[in-house]
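Input: a single structure, listed below in structure tokens.
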Amino acid sequence: MKIAFLDRATLSPETTLRPPSFAHELVCHANTSADEVAQRIADADIVITNKVKLSAEVLQHACRLKLVAVAATGTDNIDLAACAQRGITVSNIRNYAGNTVPEHTFALIFALRRSICAYRESVKAGRWQECGQFCYFDHPIRDLAGSTLGIIGDGALGNAVATMGRALGMKVLFAAFKGRSNMGNLYTPFEEVLARADIITLHCPLTPQTRHMIGATELAAMQRKPLVINTARGGLVDEEALARALRSGQIAGAGFDVVSAEPPPAQHPFMELLEMPNFILMPHVAWASQEAMQGLADQLIASIEAFVAGEPVNTVQPKT
């Protein structure tokens, strides 16, 4: 059975990918460009992909393909409907990032709320010597205790962030789905969360319904000028609108680990914000602690073995 891993370089070299327990040929490509996909999956029984796109067009060339094993949770790079039509099972990775993403989320929150990066840069520039006293107050510092944390997304990661927030003395609000007001007492209406939160953090998947769920209108409704944190998917936020809101002072700061185009092109609006002291852009690494990546790799191989044994797990169905 032939297995083609299209983008092995999206896992660190330190991550061990153990051989599956069944007879197989594993071919690992560091990366795969769009024009290489069709040829590389043509004779594969199983394809592993993290971010390489599998469209309906390229899937037509994969006559032997039985399983697409996504080495991530998000499956927006896979044409799920085309896979279903061709009888191809799609599986993903689940619940592997329960520590790394929430910790990274709070790393961004702490760094921005206490102006860590801004002060570090000012010390490097000689500002401490220039001020002539034991401290200086060029950038704002705010406590998290007593502030309001608005969470968009109530899955495992959103709940882990909520637990951390409560432990720090924060008031936690879970946003109801946008446009929904009948989700019960555990949820606060989406618009109310935007208005009340000091920090807004996103932990939901990218779907047609959630794309640009935060745009100019939503940013203008953020009455407390919050921090906006995104460790989920870049397309959840209208990035041009976010850049305008940050420059105008509509929001206090932003920490993004994800962008709609990765890597972002030189002309992307975020690239023009990099010198701002209240903006942090990270290269999509919130998920990438060594522990989490190894757990992902172990789960990936286990799910492939389960499929070959006739007991598929973590299967993903197209939205109806």
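Quickly estimate the mean residue ellipticity at 222 nm for the chain, helices only: each DSSP H run with n ≥ 4 gives -39500 (n - 2.57), and the total goes over all residues, rounded to 500.
Mean residue ellipticity at 222 nm (helix-derived): -8500 deg cm²/dmol.
With everything on Cα atoms, drop me the angle between helix 290-308 and the longest principal axis of the chain, reported from 0 to 90° to the nearest 10.
In the chain, helix 290-308 runs at an angle near 30 degrees to the longest axis.
Return the sequence-ordered ³J(HN,Hα) values of the range 112-120 in whole Hz as given by the Karplus equation 6.51 cos²θ - 1.76 cosθ + 1.60 applied to θ = phi - 60°, using x for Gly and Pro.
My calculation for the range 112-120 gives 7, 5, 10, 6, 4, 5, 5, 5, 4 Hz in order.
Starting with the fewest neighbours, write out Arg233, Arg86, Arg64 ranked by other beta-carbon atoms found within 10 Å of each beta-carbon.
Fewest-to-most ranking of Arg233, Arg86, Arg64: Arg64, Arg86, Arg233.
Given +1 on the Cβ of Lys and Arg, -1 on the Cβ of Asp and Glu, and no further charges, what dipole in debye does the range 87-163 carry about its Cα centre, rounded to the nearest 20?
With only Lys, Arg, Asp and Glu charged at Cβ, the dipole is about 80 debye.
Output wanted: per-residue J couplings in Hz (rounded whole) for the range 158-167, from phi through Karplus 6.51 cos²θ - 1.76 cosθ + 1.60, θ = phi - 60°, x for Gly and Pro.
x, 5, 5, 5, 4, 4, 5, x, 5, 4
Give the residue from Leu168, Gly132, Thr105 lying farthest towards the positive end of the charge dipole for the chain; charges sit on Cβ (+1 for Lys and Arg, -1 for Asp and Glu) and the dipole is referred to the Cα centre.
It is Leu168, whose Cα lies furthest towards the positive end.
Give the dimensionless ratio obtained when the Cα radius of gyration of the range 100-281 is divided by 2.2 N^0.38 Å.
That works out to 1.04 for the range 100-281.
Just in the range 275-320: which GluC sites (Glu not before Pro) are loop by DSSP and have at most 10 other Cβ atoms within 10 Å? All intermediate terms of the calculation are to be shown ahead of the outcome.
Details: sites: Glu275, Glu291, Glu305; in loops: Glu275.
Sparse-neighbourhood loop GluC sites (Glu not before Pro): Glu275.
From the phi of every residue in the range 63-74, what ³J(HN,Hα) in whole Hz does the Karplus formula 6.51 cos²θ - 1.76 cosθ + 1.60 yield, where θ is phi - 60° and glycine or proline is x?
Taking θ as phi minus 60°, the curve returns 5, 9, 5, 10, 9, 9, 9, 7, 8, 6, 8, x Hz for the range 63-74.
Toward the positive end of the charge dipole of the chain, about the Cα centre and with charges on Cβ (Lys, Arg +1; Asp, Glu -1), which of Ser181, Pro13, Val70 goes farthest?
Positive-most Cα among the choices belongs to Ser181.
About the Cα centre of the range 1-137, how large is the charge dipole given +1 on each Lys and Arg Cβ and -1 on each Asp and Glu Cβ? Please answer in debye to the nearest 20.
Computed about the Cα centre, the dipole is about 380 debye.
With Cβ to Cβ distances under 15 Å as the rule, what net charge do the other residues near Arg247 carry (K, R +1; D, E -1)?
For residues surrounding Arg247, the net value is -3.
Would you kindly state the longest site-free stretch of the chain, with sites defined as chymotrypsin sites (Phe, Trp or Tyr not before Pro) in a DSSP loop (not H, G, I, E, B) surrounded by at most 11 other Cβ atoms within 10 Å?
138-320
Give me the count of lysine pairs in the chain whose alpha carbons sit under 22 angstrom apart, restricted to pairs 8 or more positions apart or on different chains.
Here the count comes out as 11.
Using a cut-off of 15 Å between beta-carbons, work out the net charge of the residues near Gly155 (Lys and Arg +1, Asp and Glu -1, Gly155 not included).
+1
Mind listing the long-range amide H neighbours of Ile229? Cut-off is under 5 Å, sequence gap 5 or more, other chains count too, H placed in the peptide plane at 1.01 Å from N.
Amide H neighbours of Ile229: Ile200, Thr201, Leu202, Gly255.
Can you give the extra length, in nm with one decimal, that the chain gains between Arg247 and Asp138 once fully stretched, where that is 0.36 nm per residue apart less the Cα-Cα distance? Intermediate results must be reported in sequence, preceding the final value.
On the way: separation 109, 0.36 × 109 = 39.24 nm, distance 1.78 nm.
Additional length available on full extension: 37.5 nm.
Can you work out D for the chain in µm² s⁻¹ from Stokes-Einstein, where Rh is the Kirkwood radius over C-alpha pairs, the temperature is 37 °C and the viscosity is 0.692 mPa s?
Working: Rh = 21.3 Å.
Translational diffusion coefficient: 154 µm²/s.
Whose amide H sits under 5 Å from the amide H of Lys2, counting only residues 5 or more places off or on another chain, with H placed in the peptide plane?
Amide H neighbours of Lys2, under 5 Å, 5+ apart: Glu25, Asp45, Ile46.
Collect residues whose amide H, placed 1.01 Å from N in the peptide plane, falls under 5 Å from the amide H of Val90; neighbours closer than 5 in sequence don't count.
Val68, Val316
None of the figures in this text is laboratory data; all of them are computed from the coordinates on show. Just so it is clear, the structure is predicted and the values come from calculations on it, not from any experiment. Reconstructed Cβ throughout: ideal geometry from the backbone, glycine too, with neighbour counts over all protein chains shown.
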